[in-house]
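Novice: Structure incoming, see below.
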Amino acid sequence: MAKSFQLLLMMGKVVALPVPQPLVDALQSVQITSAAGGPSGFQLTFAVSRGSVITKTLLPFALLDPPTRVVLATIIGGSLEVLMDGVLTRQEMSPGDAPGSSTLTVTGEDLTALMDLRHVQQSYPGQPIYVQVLRILKGYAQYGIAPAAIPPKFVEPYLPEDNYLAQAGTDLSYLRALARKAGYAFYLEPGPRPGVSAAYWGPEVRTGKPQPALTVDSGPATNVESMSFGFDGTARTQFTIRKEEPTTKIGISIPVPNLSLLRPPLASRPAVALKEQPLPDLAGLSALEVLLKGLSRTEAASDAVTGQGKLDVLRYGHVLKARRLVGVRGAGLDYDGTYYVTRVTHEIKRGEYTQSFSLTRDAFVPFPPQRVDV
């Protein structure tokens, strides 16, 4: 259990620096959302008045205009965690009649917002797709973005003169399209220190050491305010590829297996796939592209067990992170064990730091013996 926390707020056009103290004093609340498979964003609310530094200086001189860079970090128990590295995209002023009721709210997204501003037409003859990713991300090095692109395990050879990919859109849309083609994910991970981020393009990883356990219904050991679980029997889908036997002309449905070594099962009793569905939109795809698409869709449709909850960060003693594993204790045999954190929302006010979270996995009952770290 931690006793207190500190919030660090930094801003700038390209390089973010600590903001002036009057801006820190005016900050009323912070909300940050990080999600696997979705955008990450933030919202800051400031108290303003006619004579405040925000109204008289920061707004007139465009210091809070998009795309001002914003870095948010926290220090808990002597450990610094970068929560967000992004840019402002919107501001809203709400004047009030009563003293202290006027507020300025600024909203933003992570640095991928900068990759979605300019339409680009570019060809990459003879370059593997992960090399294209590195080439695109190199253009954002001034923001401290370090690229991490994992070459696909299955690569279809081609000749540069007769087959190459061409970009016709924003960098972000193209990076995501390449990720879908390889059965991968693309996202930015802020940190480990303010002003730097890792741009990850690769398979979704569900391995590694779990974060400290979320404990419920365990007396003094309980460290969450609330937690609930659910099982959707129709969530898991078995995708198939339809093939026709050449002699008899009889159609055969071949199940698409789940072969990802970086996404092993998180519990011992798999949820049964009640739904069966042919893999859609296969026209014009090569055999390798069909395989990658099948593996990607199968992985995405395998999670039937979910959890939601809320915790006090000071009581938990750590910052719960999305796109990581976490242990669960006290929920019973079916629902205890290891989960993947799909979404975390930080709510920060003076003296108060809570997180809402969503968890998921593909099975029940932890593997015996499975140790859940405190």
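The values are calculated or read from the model by the stated rules, or taken from the named source; none is laboratory data. Note that the coordinates shown come from a computational prediction; the quantities given were computed from them, not determined experimentally. Glycine also receives a Cβ, built like all others from the backbone with ideal geometry; neighbour counts cover every protein chain displayed. Heads up: the accessible areas ignore ligands, DNA and RNA and are worked out on the full protein's heavy atoms, side chains in. Shrake-Rupley method; radii C 1.70, N 1.55, O 1.52, S 1.80 Å.
Novice: Kindly establish whether Leu320 is at pLDDT 95 or above, touching a Pro at 6+ places or on another chain (Cβ under 9 Å) and assigned to a loop (DSSP other than H, G, I, E, B).
Specialist: yes
Novice: Ok, one more. Any residue in the range 236-243 that is at pLDDT 90 or above, in a strand (DSSP E or B) and under 25 Å from the mean Cα position of the chain (by Cα)?
Specialist: There is no residue in the range 236-243 that is at pLDDT 90 or above, in a strand (DSSP E or B) and under 25 Å from the mean Cα position of the chain (by Cα).
Novice: From the list Ala304, Ala271, pick out the single residue that is modelled with pLDDT under 85, open to solvent by less than 30 Å² (accessible area, probe 1.4 Å) and in contact with an Asp or Glu (Cβ under 9 Å, 6 or more places away or on another chain).
Specialist: Step by step, each of Ala304, Ala271 is checked, and only Ala271 is modelled with pLDDT under 85, open to solvent by less than 30 Å² (accessible area, probe 1.4 Å) and in contact with an Asp or Glu (Cβ under 9 Å, 6 or more places away or on another chain).
Novice: In the list Glu81, Glu109, which residue meets the criterion of being at pLDDT 95 or above and open to solvent by 60 Å² or more (accessible area, probe 1.4 Å)?
Specialist: Just a single option satisfies the conditions, and that option is Glu109.
Novice: Consider Val53 carefully, then state whether it is more than 22 Å from Met115 (Cβ to Cβ), surrounded by 15 or more Cβ atoms within 10 Å (Cβ to Cβ) and not assigned by the TED database to the domain that holds Ala198.
Specialist: Yes; evaluated as a whole, the condition is true for this residue.
Novice: Tell me which residues, restricted to the range 177-199, are under 16 Å from Ile150 (Cα atoms) and either in the same structural domain as Leu320 (by the TED database) or in contact with a helix residue (DSSP H, G or I) (Cβ under 9 Å, 6 or more places away or on another chain) (or both).
Specialist: Leu178, Ala179, Arg180, Lys181, Ala182, Gly183, Tyr184, Ala185, Phe186, Tyr187, Leu188, Ala199, listed by residue number.
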